[in-house]
């Protein structure tokens, strides 16, 4: 699909997530995505209009925080050695992207996806894939237009928060993992507020 449509992996994944959210595509673990039978249904979805205003974006961030806090706690309780390796690899990938001066958006979502997978509950994985790839990167990508120093500070800050989450999961400390995830996503919400305020004072899309 990437070659056929001359699109990046992130764009393709967002498109598939959007189709899945509208009930047009279903995914089967280990097999991939398939056109849904019987046409579109009306499952839960977040409309684009919701994200046009800061209040709507904050609502989505609050929803994500609630789900990911519990995911982090379950990951601390259930993570296997393989899951811990996946988290460590995701952290390393973010470090390398930061060193290359890249946005690390996809690497960031891979870290959160690794936590969802560590829950050993496929529904967390499906829900967070929808929230992450369909919603969050569209806002985070706006960082790319800001000053490089600001981007680096932002990215190194959220990477420190990632490390705190991973450390709590590795220690098997579910309350600490939930608290670290809450701190991470609450701060992220505050950063989005700052970004949106800056846009309102003369920033651009």
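Laboratory data are not the source of any read-out in this text; all were calculated from the coordinates shown. All values reported here derive from a predicted model rather than from experimental measurement. Glycine also receives a Cβ, built like all others from the backbone with ideal geometry; neighbour counts cover every protein chain displayed.
Here are some notes:
- Highest average first, the peptides 85-93, 158-166 ordered by how many other beta carbon atoms sit within 10 Å of their residues are 158-166, 85-93.
- By average C-beta atoms within 10 angstrom, highest first, the peptides 69-76, 107-114, 8-15: 69-76, 107-114, 8-15
- Inter-label distance, nm, simple model (7 Å from Cα along the C-beta direction), residue 59/residue 8: 2.9
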